[in-house]
Amino acid sequence: MLYNISRSKISFKMKKLSAKLILSLFTISAGLSARATTRTVNNTTLPVNPGQYSTVGAAIGASSAGDTIIVAGSASPYDYSAITLDRPLVLLGAGYNPQGANRYATKTLQGFQFTCGASGSTIMGFEFDNLVFTIAGGGTTYNNITFARNYFNYNNNIALNFTNSDSCNNINIINNIFGNRSTIDINPPWFNHSFIYNNVFLSDGSNTTAFIFIYNSSYSTLIVDHNLFLCGSNSIPLLTGFALNNSFGFIEPTFVCLLSNNIFYNCTPYYFDFTAPLCYNNISYAGDIVHTMTGSGNLNNTDPMLASIFNNPTLLFDFNSDNIGLKSGSPAINAGSDGTNMGPTGGLYPVYNTNLNYLTGEPPVPEVTQITVTGSTTVTPGGTVNVTVKAIKIN
């Protein structure tokens, strides 16, 4: 289960103790070949946690297809100019709300521009401020790109922009937070077999919101499943009677879209023209009661009983005080079409369990917390060193 902290104690014997070997034990493979290289990025000057590179762009330029780039959390954002991703890489940040010692997020202030060579890439564990992800140029096809556990903190604009390609296939948008009125904009001729799973979309409800804007496109399959669309704040806890405000999205293509197991809190799944999405086992509360969902298993104008939200009067959403889990007795508990909870705590990629009520965005990479050498620390060539390693991992 995602965001379920697990601790492990690993004991092993080895002939020689080296930092390189220890690191290799905790580098995720991400399905890459054994020859892939891991590179580190850190823009601080602290000697205790050095990086091979100080910018993400420089690390990308030095990497080959299939490599992994780990970007440390920092008090200073990375890369003030746009980053071009032109090869398949795995980029891992520290998370947008990490729970480590310094608790620095991995932030960038500019966007990524993808070329078709970026197919097969994963972007995970970043906070993106005031940026847009764009597809570079037309006449190209993009395949198998994953955005997971990121915070798109882009107020009132497009966070993910798929508009300049012939087709996008197997685009996976999983466990992300989309900040105030941030939008996914989809407009290639084909957007095939793609998934928007277990994300949180936020809006202060102050103007028209289209969380997912889809137009002029044809699809074989688009699944929007187990997400939370949350509108309002401490000062605007509930809104009613809006025909277009605070809506799921504007949809104009002819396609197969499955809208399932989502929670619409103070907003409405709204669509117009052409084919309406197939709606199953969603729950909506407040918003515009005129635009109710049709389909089986839907609960219209029903309070999902979120555990605890709008606790910080100065913020739309507070990662450390708001809990988007479900209260006991919630009608959304185990009411999904798959038998799990409606919303982001159910489904294939639940954001956290009931024992952990904060969102972190940390990738599932084990973090070594303690290395203990038992017995003698002086070893002759060919000798044995007994080592105990303790690690923590966000699953």
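The values are calculated or read from the model by the stated rules, or taken from the named source; none is laboratory data. Please read these numbers as outputs of a predicted model, since none were measured by experiment. Every residue, glycine among them, receives a Cβ derived from its backbone with ideal geometry; neighbour counts consider all protein chains shown.
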Practice task
Give just the number: which of (1) among the polar types (S, T, N, Q); (2) at pLDDT below 85; (3) farther than 30 Å from residue 99 by Cα does residue 284 not satisfy?
Solution key: (2)
Completion exercise
By residue number, the members of the stretch 184-194 that are surrounded by fewer than 24 Cβ atoms within 10 Å (Cβ to Cβ) and in a strand (DSSP E or B) are 185, 190, 192, 194
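Scanning the stretch 71-107 for residues that are outside any loop (DSSP other than H, G, I, E, B) and closer than 14 Å to residue 150 by Cα, which turns out modelled with the lowest pLDDT? Walk me through it before giving the result.
Initial filter on the stretch 71-107 (outside any loop (DSSP other than H, G, I, E, B)): 71, 78, 83-85, 90-92, 107.
Among the residues that remain, those that are also closer than 14 Å to residue 150 by Cα are: 71, 90-92, 107.
Values: 71: 93, 90: 96, 91: 95, 92: 95, 107: 89.
Taking the candidates together, the pick is 107.
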Fill in the blank from the handout: Restricted to the stretch 355-370 and to residues being of a type in the set (A, V, I, L, M, F, W, C) and modelled with pLDDT of 75 or more, the residue farthest from residue 325 (Cα to Cα) is 365
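Yes/no matrix, rows are residues, columns are (1) assigned to a loop (DSSP other than H, G, I, E, B); (2) at pLDDT 90 or above; (3) within 14 Å of the chain's Cα centre (by Cα); (4) of a type in the set (Ser, Thr, Tyr):
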site	(1), (2), (3), (4)
142	no, no, no, yes
146	no, yes, yes, yes
196	no, yes, yes, no
202	no, no, yes, no
Practice task
Go through the residues of the stretch 287-299 one by one and say whether even a single one is aliphatic (A, V, I, L, M), part of a loop (DSSP other than H, G, I, E, B), buried (at least 17 other Cβ atoms within 10 Å of the Cβ) and at pLDDT below 75.
Solution key: yes
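Can you name the residue in the stretch 96-115 that is of a type outside the set (A, V, I, L, M) and touching a residue at least 40 places away in the same chain (Cβ under 8 Å) and is also farthest from residue 160 (Cα to Cα) among such residues?
Going through the qualifying residues, I end up with 100.
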Exercise for the section: Among the candidates 234, 207, 180, single out the residue that is part of a loop (DSSP other than H, G, I, E, B) and either at pLDDT below 75 or among the aliphatic types (A, V, I, L, M) (or both). Expected result: 207
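Yes/no per residue for (1) crowded, with 19+ Cβ neighbours inside 10 Å; (2) outside the structural domain of residue 84 (by TED's automatic domain parsing); (3) at positive phi; (4) at pLDDT 75 or above:
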| position | (1), (2), (3), (4) |
| --- | --- |
| 109 | no, no, no, no |
| 116 | no, no, no, yes |
| 123 | yes, no, no, yes |
| 126 | yes, no, no, yes |
| 131 | yes, no, no, no |
| 139 | no, no, yes, no |
| 151 | yes, no, no, yes |
| 162 | yes, no, no, yes |
